[in-house]
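Quick note: the coordinates plus some simple rules give every number you see, no bench work behind them. On a predicted model such as this, the values are computed, not experimentally measured, just so you know. Heads up, the Cβs are rebuilt from the backbone with ideal geometry, glycines too, and the neighbour counts pull from every protein chain shown.
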Amino acid sequence: MAQKYGLDTAKLPVHVGMIMDGNGRWAKKRNLPRIAGHREGAKTVRMAVKTSGELGIKVLTLYAFSTENWKRPKEEVNFLMNLLVEYLVKEIDELQQENVRICSIGNVTDLPKKALETLKNAEKKTVNNKGLQLNLALSYGGRDEIVRSFRNIAYKVKDGLISPEDIDHDLINEYLDTKNQPDPDLIIRTSGEMRLSNFLLWQGAYSELWFTDTLWPDFSKEEYLQALEDFTKRQRRFGKA
Ligand code: IPE
Ligand code: IPE
Ligand code: MG
């Protein structure tokens, strides 16, 4: 049995999703502005990426900015967009060394020009990397993704390229942002909230969920390993007896 950090690597999830929540509360507890929590949270992102890569996890999807997060104060939105740029610029060499492939899901064309450019560059630079696939969910909402995919299918039907009978699970999968990717096996959410907040709604149909009260900036490697260990002990039945 291949082991790493005491975990049976054969039983690890192929795809992990993370709802990185609690940055604002982390800052509030310390009488700091919310943005200080986002900055601190970037350190946890590094840990999550590194640890996932080390363990041979194939896909890590990080929920970084939701379609609903645009409703936050402009200053906070700007800060988050700048933080994304800063993260990608600072980390790109190391990500490259670690063989990480960067991808994005969501309505990324809504991002400010600089953020979109930096993201597209990072995707292009790492496109041939065969290690961890790091999906950054940006301006992402599960419902929005489903709407966009159905609309694109409808155009094809209208043009006579697809018949309504062709629409099945596989076809819908092909039109989602996560096309050609496995569904998330495990979704982790920090900060004590027990909801999906519009994350991977279609893909998460049978995901195992793992919640912790820990705020995202405090989420440690030890706790991530704990979540993974719990996952290896779960029994997934997919509706079967
Ligand atoms: C998660 O932390 C980061 C994003 C949603 C971008 P929050 O900013 O939601 O932190 P809380 O939930 O207010 O503590
Ligand atoms: C979910 O967190 C979105 C991200 C982590 C990017 P939120 O803080 O936006 O979710 P709600 O508002 O508590 O549901
Ligand atoms: Mg939150």
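Below 16 Å, Cα to Cα, which aspartates and glutamates can Lys4 reach? Residues fewer than 8 away in the same chain don't count.
Filter leaves Glu54, Glu222, Glu223, Glu229, Asp230.
Would you please state which residues of the range 219-238 a label at Arg30 would reach in this model, taking the label point 7 Å out along Cα→Cβ and a backbone N cut-off of under 13 Å?
Only 219 fall inside the zone, counting backbone N under 13 Å.
For the chain, modelled as a GNM with alpha-carbon contacts under 10 angstrom, which of Ser163, Ser197, Ser207 fluctuates the most?
Of Ser163, Ser197, Ser207, the Gaussian network model singles out Ser163 as fluctuating most.
Run the dipole for the chain about the Cα centre, Lys and Arg Cβ at +1, Asp and Glu Cβ at -1, nothing else charged, and hand back the magnitude in debye, nearest 20.
That gives a dipole near 440 debye.
What full-extension length gain, to one decimal in nm, is calculated for Leu225 and Leu161 as 0.36 nm per residue of separation minus the Cα-Cα distance?
18.4 nm
Kindly put Asp93, Asp110 in sequence by how many other C-beta atoms sit within 10 Å of each C-beta, fewest to most.
Least crowded to most crowded, the residues run Asp93, Asp110.
Residue farthest toward the positive end of the dipole of the chain, with Cβ of Lys/Arg at +1 and Asp/Glu at -1: which of Thr44, Leu225, Leu60?
Highest projection toward the positive end goes to Thr44.
Placing +1 on the Cβ of each Lys and Arg and -1 on the Cβ of each Asp and Glu in the chain, which of Asn107, Leu201, Thr190 has its Cα farthest towards the positive end of the resulting dipole?
Final value for the positive-end residue is Thr190.
So which GluC sites (Glu not before Pro) in the range 133-218 pass both tests, a DSSP loop state and at most 13 other Cβ atoms within 10 Å of the Cβ?
Glu193
Among 148-156, 118-126, how do they line up by average Cβ neighbours within 10 Å per residue, starting with the highest?
Output ranking for 148-156, 118-126: 118-126, 148-156.
Only loop residues by DSSP count here, and only those with at most 11 other Cβ atoms within 10 Å; note down the trypsin sites (Lys or Arg not before Pro) in the range 209-241 that meet that.
Arg236, Arg237, Lys240
Straight-line reach from Lys11: which lysines fall under 16 Å, measuring Cα to Cα and dropping same-chain residues less than 8 apart?
Cross-link targets: Lys58, Lys233.
Need the C-alpha centroid separation for the range 136-155 versus the range 1-26, integer Å.
26
Quick check on the chain: helices-only [θ] at 222 nm, where DSSP H runs of length 4 and up contribute -39,500 (n - 2.57) each and the sum goes over total residues. Nearest 500, please.
After summing the helix terms and dividing by residue count, I get -14000 deg cm²/dmol.
Kindly put His169, His15 in sequence by how many other C-beta atoms sit within 10 Å of each C-beta, fewest to most.
Lowest to highest Cβ neighbour count: His169, His15.
Taking a cut-off of 29 Å between Cα atoms, list the lysines near Lys158, but don't count ones fewer than 8 places away on the same chain.
Lys179
Along the Cα→Cβ direction, 7 angstrom out, place labels at Met47 and Ala205. What is the inter-label distance in nm?
Placing both labels 7 Å beyond Cα along the Cβ direction yields 3.5 nm.
What is the extension gain from Asp110 to Arg236, computed as 0.36 nm multiplied by their sequence separation minus the C-alpha to C-alpha distance, in nm to one decimal?
So the extension gain works out to 41.7 nm.
Here are some pairs, Lys29/Lys221; Lys113/Lys156; Lys71/Lys114; Lys43/Lys130; Lys50/Lys90; Lys90/Lys124; which of them have Cα atoms lying more than 26 Å apart in this structure?
Lys113/Lys156
At 0.36 nm per residue, minus the direct Cα-Cα distance, what do Ser197 and Val77 gain on full extension? Give it in nm, one decimal, please.
Full extension of this stretch gives 41.4 nm more.
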